[in-house]
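Throughout, read-outs are computed from the coordinates displayed, never taken from laboratory work. Remember, predicted model here, so these are calculated numbers, not experimental data. Don't worry about glycine lacking a Cβ; one is built from the backbone with ideal geometry, like all the others, and counts go over all protein chains shown.
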Amino acid sequence: MDFPRRDFLKKTGLLTSGLLLHQELAAAFVAPVAAGKLKIGIIGCGDRGTGLLKILQELTDKFEVVALCDDLPFRLTAAQKIGSGAKAKTYTDYHALLDARTVDAVIISVPLNLHFQVAKDALAAGKQVYLEKTMTYDIPQALELVRLAQLRPNQTLQVGHQYRYSPLYYRVKEMIKQGYLGKVTQIDCRWDRNGSWRRPVPEPSLERKINWRMYREYSGGLAAELLSHQMDFINWAFDTHADEIFGTGGIDYYKDGRETYDNVQVMARYAKEGIVGNFGATCGNARDGYLFKLKGTKGTISLLVDEGVYYPEKDTLKQYGTVDGVTGATKITWNKDGGIPITTGAEPLKDGSWYALNDFYRAVNEKKLPDSNVFTGARAACTVHLANHAIYNHTIEKWQPEYNLT
Amino acid sequence: MLHCLFLALGLWLLPPREVALRAFQLNGYAQGTTYAITYYAADSAVTSADVARQLAEIDASMSLYQPGSLINRFNAAPRGVVADQHLKVVVRKALQVYQDTDGRFDATVEPLVRAWGFSTQHTEAPPSAAAIQAILKGVGSEKLHLRGDSLVKDQPAVHLDLNGIAQGYTVDVLAALLESRHIRNYLVELGGEIRVRGHKFPSRELMRIGIERPDTSDLLPTSMQQVIRLAAGGVTTSGNYRKFKRWGAVKSAHLIDPKTGYPFQNELISVTVVAPDALTADAYDNALMGMGLTKALTFLQRHANLQAYLIYQRPDGTIADTATPGFQRLLSPE
């Protein structure tokens, strides 16, 4: 060949790493060879438990649902109607499920106040554990669960912050690292709904059991149930934690006997990163819905659960606007509002839980720490607990050194 | 009286040199993507309405998405149709490049593309060997003929798809529209295919054209691979990135070999071609992708009117690139 094979690539490293990341991601979601199915039981068959049960129907090459547990019989009946649920043995007492030798792993999706006890018992019973978020009800439980999990290195404990398992959120984490946003100073998070957040109750005696989210004895309210996802993502993406947390809120619309606030706002300062995080949730307006905006000197990323858009700042655009035209095989199409959609490959995105359960399977088989693990779970749980303290006690809460877990 | 005074003053104040050229920009959506036109003129000689009219004319001729378009009527016809000027020009080029590339560019490949699920319809599994063989019987541009004012086919099953070169042709037509209004400095881009001529004003620099970096990220800022400066010509890119399908462990790229019926499997990731016009560049970029690196470079040695930049994957998985000497001369020093 007469052509000089001069290498023109100036950014080979960047380009290659971009392609490789994608392959690694893809590899993370393919079935490991020769690994058997994980026999799994679900403890708690409410909304979340049955939601995960449905996702498991798409992962029958990795999981076999062998047990279902709930102390409300009508929930067990409903769960049995989902996919292979009918084949599963049913339990009303989770201890009995944990005693069953046929169960390798459990999904724990019970009210928040029970997370710690059930997870502790499951670890003691030798089970692999997928524990719904928020990991624990309070900080002491979080610290204790970390200790217990560390005593059992051969068991996996994964925490169900499923949204960040979406390839979209991995891509955003990578973009932050690559400097697309420049220096991030503000992060806005909302999770708003217009509705009472109540579930129908077949008979009044079951009110507290079904609507446990309304009562502080069982629940961490909107901060634990909704805002914890975004708190966890920020911790994970920036490898940080909030140092100082302010909060406020009230029962401002649904004065229906509930104890947890229907309207909350939290401000967090991440001192090391120099970031202010704003977290809000209301039950009284749905216009913003899920909102997650990361704002940096070079650009903004606006995230939905399964969509993301990058908005370069004006100066960032100028920097790259020095060409008059761009040629490419599949052209980048700008949104009408000046953003670039963040994509993660040709395949449409699946529900975050799908990726999370795949990672759980991988973590169990390869004895690897899952990306949402007991340490990150504890960090999020501590943040939520501090936020709730600030909200309910009108105090400024500070992160304590003993919460730093590795 | 007042008018006369202003006129006199104006003439007196105007420098005797040429009129100052200003930049005009037109943007919009067309052919399932966006277009952007920049031209330099004393006044807005071409408007969005002019562009829209021209685009509508091309769609009526060559769009597979427009019911009743000439190409759709051809595909539905058992024998053929009377061709309009657009169809004649593009099919003539398609047949010429088909010959020149030993059939690697083939405007009748669409039924195979559809069978592999890269058309509008989703497919659950790759086509069977038998299905591919059956489809191949209706594929091949030798079954396509321009006779007098007509476009005819040897078999009713022959299905024409000009999507691979229509965008290149469209930017050429829009450039001709600008030229017809005496505009000599412009850049027309549609779907990443470009036709350019002249300089920018007031800097009098050549236009700078970025070549997109193949990546799954779709993000602009770090995605510019190279920048070229070009006085006049067409620039187009064909690539195997971003558009692929996974069937279990098997990954299929969207460029299908019209001879075998299977996706091209070679080391090329993208090919950018510079040619005198965008239609020519657009017709050759796909064919070069199909050739693989070594054959593509040999082919380019025999074609002085084509300059190209190729990004490929080495056997060890790393990414590398190379270019023809003519292309290297266009590269803009940063």
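Odds and ends about this structure:
- For the protein assembly as shown: rounded, prolate or oblate by the Cα gyration tensor [a/c cutoff 1.5]: prolate
- Percent RCO, i.e. relative contact order, over the stretch A:27-163, from Cα pairs under 8 Å lying at least 6 residues apart: 21
- Projected area averaged over orientations for chain A, convex hull of C-alpha atoms, nm²: 23.8
- For the stretch A:302-307, backbone phi angles converted through the Karplus equation (6.51, -1.76, 1.60; θ = phi - 60°) give residue-by-residue couplings of 10, 10, 10, 4, 10, 9 Hz, Gly and Pro being listed as x.
- For the protein assembly as shown, with +1 on Lys and Arg beta carbons and -1 on Asp and Glu, the positive-most of A:V118, B:I209, A:F360 along the dipole: B:I209
- Shielding of B:182-191 by partner chains, average beta-carbon count, 10 Å: 2
- Estimated from helical segments only, the mean residue ellipticity of the protein assembly as shown at 222 nm is -10000 deg cm²/dmol, where each DSSP H run of four or more residues counts as -39500 (n - 2.57).
- Close amide H pairs (under 5 Å, H built 1.01 Å from N) link A:Y290 with A:D192, residues at least 5 positions away or on another chain.
- Distant-in-sequence amide H partners of A:Q158 (H built 1.01 Å from N, under 5 Å): A:V129, A:Y130, A:L131
- Sites B:A176 and B:R204, calculated FRET efficiency, Cβ-Cβ separation with R0 35 Å, nearest 0.05: 0.90
- Near the amide H of A:I42, within less than 5 Å, lie the amide hydrogens of A:A67, A:L68, A:C69, A:I107, all on another chain or at least 5 residues away, with H placed in the peptide plane.
- Residue mean of other protein chain beta carbons inside 10 Å, B:317-323: 6
- Partner aspartates and glutamates for A:K87 [C-alpha distance under 14 Å; skip if fewer than 8 residues away on the same chain]: A:E64
- Charge tally around A:R164: other residues with Cβ under 10 Å, Lys/Arg +1 each, Asp/Glu -1 each, net -1.
- Overall shape: oblate for the stretch A:128-255, with the ratio a/c of the largest to smallest alpha carbon gyration tensor axis at 1.5 or above and b/c at least equal to a/b.
- Mean sequence separation of contacting Cα pairs (under 8 Å, at least six apart), scaled by the length of chain A, corresponds to a relative contact order of 19 percent.
- Too-long pairs where the Cα-Cα distance tops 22 Å, listed order kept, from A:K173/A:K350; B:K143/B:K295; A:K37/A:K368; A:K62/A:K209; A:K62/A:K120: B:K143/B:K295; A:K62/A:K209; A:K62/A:K120
- Under the convention that each Lys and Arg Cβ holds +1 and each Asp and Glu Cβ holds -1, the size of the dipole of the stretch A:27-163 around its Cα centre is about 280 debye.
- Shielding of B:198-210 by partner chains, average beta-carbon count, 10 Å: 2
- Given +1 at the Cβ of Lys and Arg, -1 at the Cβ of Asp and Glu and no other charges, the dipole of the protein assembly as shown around its Cα centre is 700 debye to the nearest 20.
- The eigenvalues of the Cα gyration tensor, multiplied by 5 and square-rooted, give the stretch A:27-163 an equivalent ellipsoid with semi-axes of 22, 19, 14 Å from largest to smallest.
- Here the 3J(HN,Hα) profile of the stretch A:97-113, calculated from phi with Karplus coefficients 6.51, -1.76 and 1.60 at θ = phi - 60°, is 4, 5, 6, 6, 5, 6, 9, 8, 9, 10, 9, 10, 9, 10, x, 3, 5 Hz, Gly and Pro shown as x.
- Backbone geometry of the stretch A:144-156 corresponds, through the Karplus equation with coefficients 6.51, -1.76 and 1.60 at θ = phi - 60°, to 3J(HN,Hα) couplings of 5, 5, 4, 4, 5, 5, 5, 6, 10, x, 8, 10, 8 Hz, x marking Gly and Pro.
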